[in-house]
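So the structure is just underneath, and the comments pick up after that.
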Amino acid sequence: MSDFYRIKRLPPYVFEQVNRLKAKARAAHADIIDLGMGNPDLPAPKHVIDKLVETAGKPRTDRYSASKGIAGLRRAQAGYYARRFGVALDPESQIVATLGSKEGFANMAQAITAPGDVVLVPNPSYPIHAFGFLMAGGVIRSVPSAPTPDYFVALERAIIHSIPKPIAVVVCYPSNPTAEVASLDFYRDLVAFAKKHEIFVLSDLAYAEVYFDDNPPPSVLQVPGAMDATVEFTSMSKTFSMAGWRIGFAVGNERLLSALARVKSYLDYGAFTPVQVAAVAALNGSDDCVREMRAIYKRRRDVMVESFAQAGWPIPAPRASMFAWAPAPERFRHISTLEFSKLLIEKADLAVAPGEGFGELGEGFVRLALVENEQRIRQAARNLRRFFETADTQLHNVVPLAARG
């Protein structure tokens, strides 16, 4: 039997190959240090868990909830945007709670995409940014991910050469996977470009609170007039280590959010009410837990950069996000980063995410998530050092290594 229509539109999932190898190694009792998936290992804040426990089992909380989120949660998100970005949002018409930002992106694609519609997506990029539109019947045109002046040259070229004209452009800063950060000036130019060409801006701001240089990443909605054409997606997953709770938000343009809310109303009844109430406690509570989260990830970043460099693999220090985006070591650049990632599992008990899983322009890089503690990161560096020191003798019959200069 042939694959179903939407399944045929999806390429093989690159990460699945790494996941299978990782599972096989663990079944053989290998101690795999997993820096592959951006799955926070930190606990959710105690006051948030306490609110969940307090609310669960109360009368009516087991019933269906509101698809667009309970009113108190939408008010709490409006309060967060006002405090953090100076952006005023109407909780009734400009905020929709989602089951994580990933679900929000996918259902926004379903809401606005007609078969054959073109969407401009960064490459490399988090997979849902492209595949959400592919599953909705759209067509993807890749543009660079780096927020540089060349970005707008590429956008202009994409507009000119795309038939039909693109309906939207996707941005993600701090970037997953590259950890690049956009400035407010970049967003001003982006909003001007979008208005000039009458296209929507869909911004993924999931890593807004994971930054390390006392320079908080901005929101595109801070730009005057951005609300006319923009929806921004945020998440509780990284800020409050609530990844499995599946709570996120879409905020911004009323027309786009109305379409999203209508699609969602046919597909879900919203998150479990106690989870939403706990999310209100997170957004309205002290931000001490958020500062602590940032400090932990910064220490991990610094340990990774220092210890991996000592092991023979220089890692560029990210300014934000919970990821490092690193070129493969020079000796391994003649093989694909997927093959390099497999070698790391087999020879160094280390899992990373191969860059090609984020788009063809990710080839040559790997993504490393800061989701293991400092001791485990140092252990990963020791494993790498041993692998690198013996690679010439271990691998010459498996894969030819580049000559050492």
remark   = Among Lys102/Lys264; Lys22/Lys347; Lys24/Lys347; Lys46/Lys238; Lys51/Lys102, the pairs whose Cα-Cα distance exceeds 20 Å are Lys51/Lys102
ask   = Quick one: net charge of Leu267's neighbours, Cβ under 13 Å, K/R +1, D/E -1?
value = +1
task = State the percentage of accessible surface on the range 100-173 attributable to carbon and sulfur atoms; use a 1.4 Å probe and exclude ligands, DNA and RNA.
result = 64
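Find out how many positive minus negative residues lie around Thr61, taking Lys and Arg as positive, Asp and Glu as negative, among other residues whose Cβ is under 14 Å from that of Thr61.
+2
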key: Diffusion coefficient, µm² s⁻¹, Stokes-Einstein with Kirkwood Rh over alpha-carbon pairs of the range 1-132 at 10 °C and 1.306 mPa s   = 81
key: Placed amide H near Gly100: partners under 5 Å, 5+ positions off or other chain   = Ile247, Gly248
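Of the beta bridges DSSP finds with both residues in the chain, what % are antiparallel, to the nearest 5? Before the final figure, lay out the partial values.
Values: 17 of 36 bridges.
Bridges in the chain that DSSP calls antiparallel: roughly 45 percent.
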query = Counting only residues 5 or more places away or on other chains, whose amide H sits under 5 Å from the amide H of Leu350 once H atoms are built in the peptide plane?
reply = Ile33, Ile345
note = Sorted by chain and number, the residues with a modelled amide H under 5 Å from that of Val139, at a separation of 5 or more or across chains, are Gly116, Asp117, Val118, Val119
ask   = Each residue of the range 208-217 in turn: what ³J(HN,Hα) in whole Hz from Karplus with 6.51, -1.76, 1.60 and θ = phi - 60°, glycine and Pro shown as x?
value = 4, 9, 9, 9, 10, 10, 6, 10, x, x
query = Accessible area per residue of the range 184-228 at 1.4 Å probe, in Å²?
reply = 39
query = Per-residue HN-Hα couplings for the range 187-200, Karplus 6.51 cos²θ - 1.76 cosθ + 1.60 at θ = phi - 60°, whole Hz, x for Gly and Pro?
reply = 5, 4, 5, 5, 5, 4, 5, 4, 5, 4, 9, 6, 10, 8
task = Let me know the Kirkwood hydrodynamic radius for the chain, please, with Cα pairs as the basis and the value in Å to one decimal.
result = 22.3
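At 1.4 Å probe radius, can you tell me the per residue accessible area of the range 292-363 in Å²? Provide the component values of the computation, followed by the final result.
Details: 2690 Å² over 72 residues.
Counting only protein heavy atoms, the per-residue value for the range 292-363 is 37 Å².
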remark   = Cα-only Rg/Rh for the range 124-173 with Kirkwood Rh rounds to 0.95
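Taking a cut-off of 18 Å, what percent of all Cα-Cα pairs in the range 1-78 are separated by more than that? Mind dumping the intermediate values first?
Numbers: 2136 of 3003 pairs.
For the range 1-78, the share of Cα pairs beyond 18 Å comes to 71 percent.
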query = About its Cα centre, what dipole magnitude does the range 243-320 give when the only charges are +1 on Lys and Arg Cβ and -1 on Asp and Glu Cβ, stated in debye to the nearest 20?
reply = 180
request  = Mind checking the range 1-93 for chymotrypsin sites (Phe, Trp or Tyr not before Pro) that DSSP puts in a loop (not H, G, I, E or B) and that have at most 12 other Cβ atoms within 10 Å?
outcome  = Phe4, Tyr13, Tyr64
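Of all the C-alpha pairs in the range 211-327, what % are more than 18 Å from each other? Provide the component values of the computation, followed by the final result.
Values: 4488 of 6786 pairs.
Counting pairs separated by more than 18 Å, the tail of P(r) holds 66 percent.
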inquiry  = Net charge around Arg333, counting only other residues with Cβ within less than 12 Å of its Cβ (Lys, Arg = +1; Asp, Glu = -1)?
reply    = -2
query = Roughly how big is the range 300-368's charge dipole about its Cα centre, with Cβ charges of +1 (Lys, Arg) and -1 (Asp, Glu), in debye to the nearest 20?
reply = 180
query = So what J values fall out for the range 357-374 if you push phi through Karplus, 6.51 cos²θ - 1.76 cosθ + 1.60 with θ = phi - 60°, rounded to Hz, Gly and Pro as x?
reply = x, 9, x, 4, 6, x, 4, x, 10, 10, 9, 10, 8, 8, 10, 10, 6, 4
inquiry  = Given the options Gly285, Ser258, Phe240, identify the residue whose Cα lies farthest towards the positive end of the charge dipole of the range 229-305 (+1 on Cβ of Lys, Arg; -1 on Cβ of Asp, Glu).
reply    = Phe240
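Show me the three semi-axes of the equivalent ellipsoid for the range 294-353, from the C-alpha gyration tensor (sqrt of 5 times each eigenvalue), largest first, rounded to whole Å. List each step's numbers first, then the result.
Details: eigenvalues 97, 28, 25 Å².
After diagonalising the Cα gyration tensor, the semi-axes are 22, 12, 11 Å.
The values are calculated or read from the model by the stated rules, or taken from the named source; none is laboratory data. Everything quoted here is computed from the prediction, not taken from an experiment. All Cβ positions, glycine included, derive from the backbone under ideal geometry; neighbour counts span all protein chains shown. Surface areas here come from the heavy atoms of the whole protein model, side chains and all, with no ligands, DNA or RNA. Shrake-Rupley method; radii C 1.70, N 1.55, O 1.52, S 1.80 Å.
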